[in-house]
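Below: the structure, in structure tokens.
The values are calculated or read from the model by the stated rules, or taken from the named source; none is laboratory data. Predicted model only: the values in this text are computed from it and were never measured. Neighbour counts run over all protein chains shown; Cβ positions are idealised from the backbone, glycine included.
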């Protein structure tokens, strides 16, 4: 079943109707959504609303566009006429401005759609034989996000006024017709991607353009030198302005590239910082778990110490008697060694005392002499006891030798 025709637009300004239509069109989701990036849909809406407000003859629509490679997509367009001023009269050029999928980062596609009684001027500097406006300076110097549809149409209107790209087949005197202030287009079939009430097409108007010089029967009048100079001066200024815009675009692109590089570096540093924060957080959690384990172990040890502190004095006495020498030589060896170490500690204490001035030097010498003599005797005794222990061990080993031999 064919879709129901869309009703004519309400009696409102072009900007109001464009606002309502674009709110509906750009809010679609799912299979019926228009193929534009979400971050630029608001900018696309603003471009079309501003264009409809300044040029009511251009209406936003959604239609099927077929690319050169055969792909088809539902895209937005501004369909209608572009007013121009030529030779003191106003004319309306039928045109369609398509917004490709990559708009507004890439320029739109502008086509002139001449009626049956119109022809495209051969070898026009801005329009090719198919009606595509391919060499317009504004399109060549398109810069995102500053470039927009309103300035594009204004530039095309000015340039086409200097050199109209369309002319009528007849050679009769032109009868210019100004564009109506509020066109009332008839209903048209709805696009499959949009709701039926959001799409409409403008009605055809009687277009009249100046006859082509190639088809005119009479010679064109001689132009005024002042007008020629003025037109050449305007063309020169336009070329200069677009050259400056192109140079500015190159500089801005280089600046944008550098900013993108800085943004990428900052993004990388942010990821590194986030990774470091994540590792620190994990290490903090591990340390907190270890701290809990240490606290629990400390509580256990403190409880054990409190429980076993009561019998500490008794345990000290028992510890002193827990180790007994094996024989008389071992006891004598233990006593000699303990005496030797005690004398060594006493001599060291006397050295520190005489250095600090706590002990007189003559008393220090007497005490050290007596302690050294006693230490000498203890060391000699230790040597004798050690020799006796070795002889006793050898005797025990010799006594056990026959047992091993048998």
Of those in the range 98-117 that are in contact (Cβ under 8 Å) with a residue 40 or more places away in the chain and surrounded by fewer than 18 Cβ atoms within 10 Å (Cβ to Cβ), the residue nearest to residue 82 (Cα to Cα) is 115
- Query: If we scan the range 173-194, do we find a residue that is buried (at least 16 other Cβ atoms within 10 Å of the Cβ), modelled with pLDDT of 50 or more, under 36 Å from the mean Cα position of the chain (by Cα) and assigned to a loop (DSSP other than H, G, I, E, B)?
  - Reply: no
Given the criteria free of Cβ contacts under 8 Å to residues at least 12 places away in the same chain and within 21 Å of residue 161 (Cβ to Cβ), does residue 68 qualify? no
Residue 375 vs (1) at pLDDT below 90; (2) surrounded by 14 or more Cβ atoms within 10 Å (Cβ to Cβ): all pass except (1)
Practice item. Could you tell me whether residue 64 is over 21 Å from residue 152 (Cα atoms), in the same structural domain as residue 168 (by TED's automatic domain parsing), assigned to a loop (DSSP other than H, G, I, E, B) and touching a strand residue (DSSP E or B) at 6+ places or on another chain (Cβ under 8 Å)? Key: no
For residue 167, the lone unmet condition from (1) modelled with pLDDT of 90 or more; (2) not in a loop (DSSP other than H, G, I, E, B) is (1)
